[in-house]
Amino acid sequence: MVLFSGRHNPYALPRKLPVMNEQIIVVTTPVLPGHRVVKVLGIVHGLTVRTRGFGGQLSASIQSAFGGEVTAYTSECEKARKESMQRLVANAGAMGANAVIAADFETSTIFSGALFSTYGTAVVVEQTHD
């Protein structure tokens, strides 16, 4: 389970300690244990497209010539994954959700860059008293 602050600039980094009433829970499962879905708000997504500059492409080319991990691309992929998740959370918060269920990541190439997409179902949940 990943917790992010939902009411913030979609381009800003999430707060280290989210305020409890602003918390958006993001899970990859179709259900959230200990909670029940009160309202389904719909599909929510977060997108970002990343490219490497000339220096980054040159560095990646050199690394790929020797095999192994291409760290120049790995760091960009991590940034893009985090950015797409932040945008998902911001969009879910704007819809009035306090959780996203069935979240998933998808990547594809677009022109000379990579498209990172995070999507799921924005919902309003409440804790159950089991």
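Summary table
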| item | result |
| --- | --- |
| Members of segment 97-130 that are over 15 Å from K39 (Cβ atoms) and in contact with a Leu (Cβ under 6 Å, 6 or more places away or on another chain) | S108, S117, T118 |
| Elements of type strands (runs of 3 or more DSSP E) in segment 1-96, at least 1 residues being modelled with pLDDT of 85 or more and surrounded by 13 or more Cβ atoms within 10 Å (Cβ to Cβ) | 23-26, 35-50 |
| Residue match in segment 112-130 (condition: crowded, with 19+ Cβ neighbours inside 10 Å, modelled with pLDDT under 95 and among the aromatic types (F, W, Y)) | yes |
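The values are calculated or read from the model by the stated rules, or taken from the named source; none is laboratory data. Note that the coordinates shown come from a computational prediction; the quantities given were computed from them, not determined experimentally. Don't worry about glycine lacking a Cβ; one is built from the backbone with ideal geometry, like all the others, and counts go over all protein chains shown.
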